[in-house]
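Chemist: Once you've had a glance at the structure underneath, I'll fire off some questions.
The values are calculated or read from the model by the stated rules, or taken from the named source; none is laboratory data. Predicted model, so just to flag it, every value in this text is computed and none were measured. No Cβ is skipped: glycine too gets one built from the backbone with ideal geometry, and neighbour counts run over all protein chains shown.
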Amino acid sequence: MVSPEMQKLAEERAARMQAARELKEPDRVPFTGLGGDVIAAYAGITAYEYQFDFEKSRAAVLKWLKDFPSDSAMIGAGGLDCLPLAVAFSDFPDLAGGFMVVNGPMNDILKMKFARFPGRELDENSSPQFIGRSNMDPSEYDELIANPQKFAYEKILPRLSDNFKDLNSPLALATMARAGLERVRQGAEMAKTMAAIAELGYPFGPAGGLSYAPLDFIGDHLRDIPNTVLDLRRYPDKVKAATESILEVLFKLATANPNVASVGFPLHLNEYLSPELYKEFYWPTLKEFVLRLAEKGIKSSMFCEGWHDPHLETLLELPAGWGTAMFEKTDVRKAKKVLQGHTVVQGGIDVGVVISGTPAQIDEYIKQLLDDMMPGGGFILGANVGNLPRNTPIENIAAVYEAVEKYGKY
Amino acid sequence: MREQLLKSFVDMDEQEAVRIARELVDTDGGAVAVLDTCKEAMEEVGRLFEAGEYFLSELIAAGDMFNQIMEFTLPKLQGDEVTSIGTMVLGTVQGDVHNIGKDIFKVMAEASGINVIDIGIDVPHEKFVEAIKEHKPELVGMCCLITLGVDSMKRTIEVIREAGLRDDIKIIIGGGRVSQAVMEHVGADAWADDAARGVRLSKELLGKE
């Protein structure tokens with residue numbers, strides 16, 4: 001049961017986030033907290049246990065959220081994007097949404113070749129990693145364009161996992177059946193974790209979804225990043241047509257759950273492309289995607305990975321209040337100057353500083369950051385990358401939270 | 001023809017660059033001319049990248065062109081026509097299995113005349129030590145993409161120091177999460193978060209510019 005006191009705390013936290021998302025000034029700067037591999041280390045468990053043992057990962061998350069309170073909660077170790085599987089089953093939205101991300105136990109069943117998990121392919125204290133590989137020949141673009149769902153099922157799935165090599169085999173059917181059972185088991189575990197987190201006064205907002213910019217779907221899952229970049233010059237028309245086809249199926253998936261209120265997009269190829277290539281191949285279908293979601297009242301958030309400076313201004317083509325942009329290497333001060341009153345800016349804390357600074361340096365760093373970023377609102381404080389490594393000094397993490405407490409009041 | 005090769009290469013006209021290189025390579029002294037021109041073109045692409053005019057996609061396209069052209073050019077060169085300005089042992093550190101950044105850097109470093117010994121991804125600390133003993137490089141390049149790589153670089157450099165090899169080499173770290181602060185934290189000599197800067201600094205560490 002959530003105590004009245006914790007209920008009130010959850011409402012305050014939710015209101016704080018909501019005010020920033022409406023581009024206003026809340027009572028305090030909303031802070032998403034820090035996290036990642038260090039959560040497991042702090043609880044004295046391995047990255048493997050954090051990924052595979054729900055009992056232990058739940059205890060680790062609860063300990064972290066209790067000792068380092070912030071305005072939103074993470075619910076566990078997370079997994080790796082697995083969109084082709086969701087696309088393959090996109091005609092069955094009740095199932096497909098559950099297969100967008102694959103975590104360690106799920107991959108024990110699916111055996112996706114792109115996935116590397118701690119205690120499996122990697123050392124027991126490594127981070128889960130996605131390894132891009134080319135799963136498609138450029139001669140297959142026409143097939144992809146004609147029907148991305150059929151192509152993902154018939155051509156890509158068999159190449160992603162040997163369990164699906166023969167789609168008519170008992171092994172393939174058994175794999176999907178087992179994945180369904182595992183999904184139910186994990187759903188129950190997740191509900192248990194969320195109930196325990198709610199008791200600590202953390203809010204859970206309406207459902208959020210995950211999707212991709214259509215060109216990133218090609219880059220991450222079909223052709224790999226270097227080949228995709230070469231394809232832009234070698235087969236420009238085909239790549240463009242493919243992004244348009246992929247947009248349709250990804251939009252269908254993103255809106256399959258009628259309760260979804262926000263969709264997150266991790267941007268990957270943005271850092272690779274010149275403004276010209278970005279505007280020609282990447283942005284048109286991503287923009288269209290966000291506009292169509294906005295029409296349905298769904299907000300978007302983009303995690304602009306890497307260096308996004310050359311493409312910042314394109315965000316202004318979206319209607320004000322479309323959503324949130326998170327930044328990794330782009331200076332949030334610069335982003336806020338361009339996007340003030342239009343786009344919520346999230347991020348700001350360079351994890352490099354948290355890993356290698358001293359508590360005194362960190363205090364000063366957070367003070368300056370908040371001095372620059374809080375005025376005018378529309379800012380959510382968070383790390384520039386979601387993962388702090390295991391050996392991050394705990395006194396540095398504490399210094400961040402103390403500084404936010406000290407300087408974060410409006 | 002060298003001018004045309006240089007121009008089409010730098011302008012990212014892949015078909016034209018490869019066509020001219022094929023023609024040029026069979027002329028008298030052509031293989032050396034192709035090699036030198038492509039090196040010059042790669043340097044110019046790196047310069048344009050650092051000037052903010054070119055992006056990673058151009059580095060990848062240039063690297064791919066360079067590799068395509070070298071495939072038919074290198075077999076036509078005599079051993080003494082390929083000179084090196086120094087040797088580098090290069091790998092992605094233990095725990096990190098990413099290779100894109102390392103591969104972009106590798107081809108640019110090779111084009112600048114560095115003899116690169118690529119020891120792969122997820123490289124155990126001891127393997128760096130073994131490779132340093134075997135190849136006696138002037139430089140060691142360590143890459144990482146994920147934040148976990150920072151710890152791993154620090155430990156790798158400690159292991160190299162314990163083996164008594166640290167003073168024999170210069171270490172440059174590269175990848176999306178490295179910075180001046182990370183360099184000082186792990187005890188490296190230089191850092192780069194892009195391949196062009198990495199190559200420029202590697203040459204500086206070799207005393208070549």
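Chemist: Condition (residue is touching a Ser or Thr at 6+ places or on another chain (Cβ under 6 Å), away from every other protein chain (no Cβ under 14 Å), surrounded by fewer than 20 Cβ atoms within 10 Å (Cβ to Cβ) and not in a loop (DSSP other than H, G, I, E, B)) applied to the stretch A:326-333: is it met by at least one residue?
Modeler: no
Chemist: For residues in the stretch A:116-166 being under 26 Å from the mean Cα position of the chain (by Cα) and of a type in the set (Phe, Trp, Tyr), which is nearest to the other protein chains (Cβ to nearest Cβ)?
Modeler: The residue in question is A:Phe130.
Chemist: Considering A:Ser3, A:Ser57, A:Ser72, A:Ser90, which residue is within 30 Å of A:Leu171 (Cα to Cα) and of a type outside the set (D, E, K, R)?
Modeler: Values: A:Ser3 fails: within 30 Å of A:Leu171 (Cα to Cα); A:Ser57 fails: within 30 Å of A:Leu171 (Cα to Cα); A:Ser72 fails: within 30 Å of A:Leu171 (Cα to Cα).
On inspection, the qualifying residue turns out to be A:Ser90.
Chemist: Pick from the stretch A:344-364 the residues that are more than 14 Å from chain B (Cβ to nearest Cβ) and among the aliphatic types (A, V, I, L, M): which of them is surrounded by the fewest Cβ atoms within 10 Å (Cβ to Cβ)?
Modeler: Per the stated criteria, the residue is A:Ala360.
Chemist: Checking A:Ser57 against (1) within 21 Å of A:Ala188 (Cα to Cα); (2) buried (at least 22 other Cβ atoms within 10 Å of the Cβ); (3) modelled with pLDDT under 95, only one condition comes out false. Which one?
Modeler: (3)
Chemist: While we're on this one: For A:Asn391, state whether it is within 30 Å of A:Asn257 (Cβ to Cβ), within 13 Å of chain B (Cβ to nearest Cβ) and either of a type outside the set (Ser, Thr, Tyr) or crowded, with 18+ Cβ neighbours inside 10 Å (or both).
Modeler: Against the criterion (within 30 Å of A:Asn257 (Cβ to Cβ), within 13 Å of chain B (Cβ to nearest Cβ) and either of a type outside the set (Ser, Thr, Tyr) or crowded, with 18+ Cβ neighbours inside 10 Å (or both)), A:Asn391 does not qualify.
Chemist: May I ask you to list pairs of residues, at least six apart or on different chains, whose Cβ atoms are under 7 Å apart, with the first in the stretch A:187-213 being over 28 Å from A:Leu267 (Cα atoms) and the second being outside any helix (DSSP H, G or I)?
Modeler: A:Thr193/A:Ile75; A:Thr193/A:Gly76; A:Ile197/A:Ala73; A:Ile197/A:Ile75; A:Ala198/A:Val2; A:Ala198/A:Phe204; A:Glu199/A:Val2
Chemist: Picking from B:Arg47, B:Arg22, which residue would you name as being within 16 Å of A:Ser274 (Cβ to Cβ), part of a helix (DSSP H, G or I) and more than 14 Å from chain A (Cβ to nearest Cβ)?
Modeler: The unique qualifying residue is B:Arg47.
Chemist: Only one of these is of a type outside the set (Ser, Thr, Tyr) and part of a helix (DSSP H, G or I): A:Leu200, A:Leu250. Name it.
Modeler: On inspection, the qualifying residue turns out to be A:Leu250.
Chemist: Those residues that are away from chain B (no Cβ under 13 Å) and touching a Gly at 6+ places or on another chain (Cβ under 8 Å), I need them from the stretch A:365-379; list them, please.
Modeler: If the condition is that a residue be away from chain B (no Cβ under 13 Å) and touching a Gly at 6+ places or on another chain (Cβ under 8 Å), then A:Leu369, A:Leu370, A:Met373, A:Met374, A:Gly376, A:Gly378, A:Phe379 are the ones that fit.
Chemist: Identify all residues within the stretch B:163-186 that are of a type in the set (Gly, Ala, Ser), modelled with pLDDT under 95 and assigned to a loop (DSSP other than H, G, I, E, B); write none if there are none.
Modeler: Correct list: B:Gly175, B:Gly176, B:Ser179.
Chemist: In this structure, is A:Gly205 touching a Ser or Thr at 6+ places or on another chain (Cβ under 9 Å), farther than 30 Å from A:Leu315 by Cβ and assigned to a loop (DSSP other than H, G, I, E, B)?
Modeler: no
Chemist: Within the stretch A:208-221, track down each residue that is part of a strand (DSSP E or B) and in contact with a Pro (Cβ under 9 Å, 6 or more places away or on another chain).
Modeler: Initial filter on the stretch A:208-221 (part of a strand (DSSP E or B)): A:208-210.
Hit for the stretch A:208-221 is A:Leu210, nothing else.
Chemist: Of the residues A:Val87, A:Val38, which is of a type in the set (A, V, I, L, M), farther than 30 Å from A:Met176 by Cβ and out of contact with any Gly (no Cβ under 7 Å at 6 or more places or on another chain)?
Modeler: Numbers: A:Val87 fails: farther than 30 Å from A:Met176 by Cβ.
None of the others qualify; the one that does is A:Val38.
Chemist: State whether one or more residues within the stretch A:334-343 are in contact with a Lys or Arg (Cβ under 8 Å, 6 or more places away or on another chain), over 30 Å from A:Tyr42 (Cα atoms), surrounded by fewer than 21 Cβ atoms within 10 Å (Cβ to Cβ) and among the aliphatic types (A, V, I, L, M).
Modeler: no
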